[in-house]
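Working notes, structure below.
The values are calculated or read from the model by the stated rules, or taken from the named source; none is laboratory data. Keep in mind that what you see is a predicted model, and the values were worked out from it rather than measured. Here the Cβ positions follow ideal geometry from the backbone for every residue, glycine too, while neighbour counts run over all protein chains shown.
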Amino acid sequence: MDIIKSTLNIGCEKPFTFLHVSDIHLTETDENDSLARKEFAAARKRGFSFSLSTINFIKDYVRKTGYTLINTGDMLDFITPKNLLIAREFVKDTNMIMCTGNHEYWNCPNNRFHYDDIQQTHAQRDSTLDKVEKALGIDVRFSCREINGVNLVCIDDSNYNITQEDFEKLKKVEAGGKPILLFMHIPLDSEHIQINHEFPLNAPKQYFKDCHPLVAKERTSDELTCYICDYIRHSPLIKCVFSGHMHYNKEIIGLDSQDQIITGINTIREITVI
Ligand SMILES: [Fe+2]
């Protein structure tokens, strides 16, 4: 587990520290799951064998430090009753706030991540996220927690789009005039993201040329989201955007019109805001 400690200078009146984690990717099953489901989970677990120990490490770290925890999604790799149960306990133990990742709405009824399931997955996205929110007991599409006069805002961009409704909520927080740290699963596109250029939000279409057409379509933001990305980049009150999705750590500070901190797997960022 990597612990990365850093300081973020936004000129806040009273310094505070928070923790940021992302992409835990739980792959647990129990007696409610079929053999095929268990085999699928076991195969996925090969890539995410760390997830349970990560959960326990973070729980201990939060208990030890008492810092606020923010999770930028993909806590579940796909939905199982056991994953939801673990996530619910994790929310209860840590009191975290979270924005959904793209994996929170992959039900995987056919026990696979496959192009042929993309349409159905997206069609059922809202109802799937309703189910996840009910199980976890938190809103994973929009939430805000104020610490020492700074608003920590989680917003859903997990399907490469941000809704008008969530944008209005962000603007309402902004109207309060306090600085904002914005948390979302998918980072804003930046030339300083040097690998997996096709993953960020509002990435130029040239990066999708080798993608399956359905994946390219999935990653193409609508007009409103392109506008919101510009808005976020130039908002004087949004001081930094925190995200995950890329599975590696990256800091883009003082290089673009908006600062970004991307948190990878197996990592706790401990950020002191001054
Ligand atoms: Fe992920």
Select, from Thr54, Thr68, Thr72, Thr17, the only residue that is touching a His at 6+ places or on another chain (Cβ under 6 Å) and closer than 13 Å to Ile268 by Cβ. Thr72
I need a count of the residues in the range 87-141 that are assigned to a helix (DSSP H, G or I), over 19 Å from the mean Cα position of the chain (by Cα) and under 21 Å from Thr29 (Cβ atoms). 1
Filter the range 217-226 down to the residues that are farther than 18 Å from Gly101 by Cα and in contact with a helix residue (DSSP H, G or I) (Cβ under 9 Å, 6 or more places away or on another chain) and list them by number. Leu224
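Rundown of residues vs (1) over 14 Å from the mean Cα position of the chain (by Cα); (2) over 16 Å from Leu181 (Cβ atoms); (3) of a type outside the set (D, E, K, R), yes/no style:
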position: Arg219; (1), (2), (3): yes, yes, no
position: Glu223; (1), (2), (3): yes, yes, no
position: Tyr227; (1), (2), (3): yes, yes, yes
position: Pro236; (1), (2), (3): yes, no, yes
position: Ser243; (1), (2), (3): no, no, yes
position: Glu251; (1), (2), (3): yes, no, no
position: Ile261; (1), (2), (3): no, no, yes
position: Thr267; (1), (2), (3): no, yes, yes
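Looking at the range 58-66, can you tell me whether even one residue there is surrounded by fewer than 21 Cβ atoms within 10 Å (Cβ to Cβ) and assigned to a loop (DSSP other than H, G, I, E, B)? Spell out the reasoning first.
Our first condition is that a residue be surrounded by fewer than 21 Cβ atoms within 10 Å (Cβ to Cβ); within the range 58-66, this holds for 59-66.
Checking which are assigned to a loop (DSSP other than H, G, I, E, B) leaves us with 66.
For the range 58-66, residues surrounded by fewer than 21 Cβ atoms within 10 Å (Cβ to Cβ) and assigned to a loop (DSSP other than H, G, I, E, B): present.
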Here are the criteria: (1) at pLDDT 95 or above; (2) within 13 Å of the ligand (Cβ to nearest atom). Tell me which single one Phe113 does not satisfy. (1)
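Condition check: part of a helix (DSSP H, G or I), touching a Leu at 6+ places or on another chain (Cβ under 8 Å) and either within 19 Å of Asp23 (Cβ to Cβ) or more than 15 Å from the ligand (Cβ to nearest atom) (or both). Does Leu84 satisfy that?
When the stated conditions are applied, Leu84 passes them.
One residue is enough: does the range 146-153 have a residue meeting the conditions away from the ligand (no atom under 16 Å from the Cβ), buried (at least 19 other Cβ atoms within 10 Å of the Cβ) and in contact (Cβ under 8 Å) with a residue 60 or more places away in the chain? Reasoning before the result, please.
Pass one, the range 146-153, residues away from the ligand (no atom under 16 Å from the Cβ): 146-153.
Keeping just the survivors that are buried (at least 19 other Cβ atoms within 10 Å of the Cβ) gives 150-153.
Add one more test, that the residue is in contact (Cβ under 8 Å) with a residue 60 or more places away in the chain, and what stays is 150, 152.
Yes, because at least one residue in the range 146-153 is away from the ligand (no atom under 16 Å from the Cβ), buried (at least 19 other Cβ atoms within 10 Å of the Cβ) and in contact (Cβ under 8 Å) with a residue 60 or more places away in the chain.
From the list Ile24, Ile4, exactly one residue is of a type in the set (A, V, I, L, M), within 16 Å of the ligand (Cβ to nearest atom) and modelled with pLDDT of 95 or more. Which is it? Walk me through how you get there before you give the answer.
Values: Ile4 fails: within 16 Å of the ligand (Cβ to nearest atom).
The conditions single out Ile24.
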Being among the polar types (S, T, N, Q) and within 16 Å of the ligand (Cβ to nearest atom) is the requirement here; does Ser243 meet it? yes
Among the listed residues Ile238, Ile162, identify the single one that is surrounded by 14 or more Cβ atoms within 10 Å (Cβ to Cβ) and in contact with a Leu (Cβ under 6 Å, 6 or more places away or on another chain). Ile238
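Take Gln194 and tell me if it is in a loop (DSSP other than H, G, I, E, B), within 20 Å of His20 (Cα to Cα) and away from the ligand (no atom under 16 Å from the Cβ).
Details: in a loop (DSSP other than H, G, I, E, B): yes; within 20 Å of His20 (Cα to Cα): no; away from the ligand (no atom under 16 Å from the Cβ): yes.
It is false that Gln194 is in a loop (DSSP other than H, G, I, E, B), within 20 Å of His20 (Cα to Cα) and away from the ligand (no atom under 16 Å from the Cβ).
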Which number in (1) closer than 20 Å to Glu104 by Cβ; (2) loosely packed, with under 13 Cβ neighbours inside 10 Å; (3) not charged (D, E, K, R) marks the one condition that Ser53 misses? (1)
